[in-house]
Amino acid sequence: MVLVIIIILICLFLIFIMFKSYRQNEFNMVGYNIGKYLLGPIFKFYYPYKIINKLDVPASGPVIFCCNHIHFMDQFLTVLESSRPIHYLAKNEYFLNRKTKWFFAGTGCIPVNRSIHDENAKDKAREVLNKGLCLGIFPEGTRNKTKKILLPFKFGAVSLAKEMDAYLIPIAITGHYKFRTKDLKVNFGEAYKIESVDLEKENKILEAKVLSLIKEAKK
């Protein structure tokens, strides 16, 4: 009984911290950590995913996590495995809904208006990287609901990586988000930096790395 009361109080505290972040529209490290370490074990129990190659994040400096996108919960797999907080770019619709805004604002996500070329979101992403922090991007720009392995990558990730001298970490997620799933996998590639000014070439390199990680996970 005491344990149940403690869990309820922790959950209420989590909601309070994240709601405060929602009201202030700012990132709160306490809320992020409570969400990660309290809800993380529940997530792993519900979706027991397998790690193919472990994540090795540079200890310091700006980093951009680049993952394929098959489900709205994809970001949780990287957040749970990363030793550093990640500020993910998330569609603006999550911030327009009061039922979801408190969570996405409280965990440091950056809203993106996908109907326009959102310079405000790009400026906030630059601010994150300029502070030497970690950014999360889905280069496909949206969830892949087609039968294709990958949608064409947009240039945002490689453009920011070149401009801000940030590391890129390619990531692949495969399988299904089902209760007690047996095929959900995440595969982390090695961190690297862009070597040329040819962004089209670098974008193809990033896409090829993610594609290779997907194929490795599916073996």
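The values are calculated or read from the model by the stated rules, or taken from the named source; none is laboratory data. The model shown is predicted, which means the values in this text are computed figures rather than measured ones. Note that each Cβ is placed from the backbone with ideal geometry, even for glycine, and that neighbours are counted across all protein chains shown.
General remarks:
- Qualifying positions in region 58-77 - in a loop (DSSP other than H, G, I, E, B) and either within 15 Å of the chain's Cα centre (by Cα) or β-branched (V, I, T) (or both): P62, N68, H69, I70, H71, F72, M73
- Residue within region 82-102 that is aromatic (F, W, Y), touching a residue at least 40 places away in the same chain (Cβ under 8 Å) and over 22 Å from L206 (Cβ atoms) present: yes
- Answer from Y94, Y47, Y32 - the residue that is among the hydroxyl-bearing types (S, T, Y), surrounded by 18 or more Cβ atoms within 10 Å (Cβ to Cβ) and modelled with pLDDT of 85 or more: Y47
- Residues of region 135-150 satisfying the condition of being touching a residue at least 12 places away in the same chain (Cβ under 8 Å) and out of contact with any Phe, Trp or Tyr (no Cβ under 6 Å at 6 or more places or on another chain): L135, I137, F138, E140, G141, T142, R143, N144, I149, L150
- Qualifying residue in region 114-133 (condition: within 16 Å of E202 (Cβ to Cβ) and either β-branched (V, I, T) or buried (at least 17 other Cβ atoms within 10 Å of the Cβ) (or both)): no
- For T146, the conditions (1) in contact with a strand residue (DSSP E or B) (Cβ under 7 Å, 6 or more places away or on another chain); (2) more than 24 Å from M164 (Cα to Cα) all hold with the exception of (1).
- Test: residue in region 138-152 that is surrounded by 22 or more Cβ atoms within 10 Å (Cβ to Cβ), out of contact with any Gly (no Cβ under 8 Å at 6 or more places or on another chain) and not β-branched (V, I, T): yes
- Residue in region 162-174 that is surrounded by fewer than 24 Cβ atoms within 10 Å (Cβ to Cβ), touching a residue at least 60 places away in the same chain (Cβ under 8 Å) and hydroxyl-bearing (S, T, Y) present: yes
- Long-range neighbours under 9 Å by Cβ, at least six apart or interchain, first residue closer than 20 Å to I70 by Cα within region 196-213, second among the small types (G, A, S) and part of a helix (DSSP H, G or I): N203/A157; N203/S159; L206/A157; L206/A161
- Filtering L80, L89, L39, L55 for residues that are in a strand (DSSP E or B) and either hydrophobic (A, V, I, L, M, F, W, C) or at pLDDT 95 or above (or both) leaves a single hit, L89.
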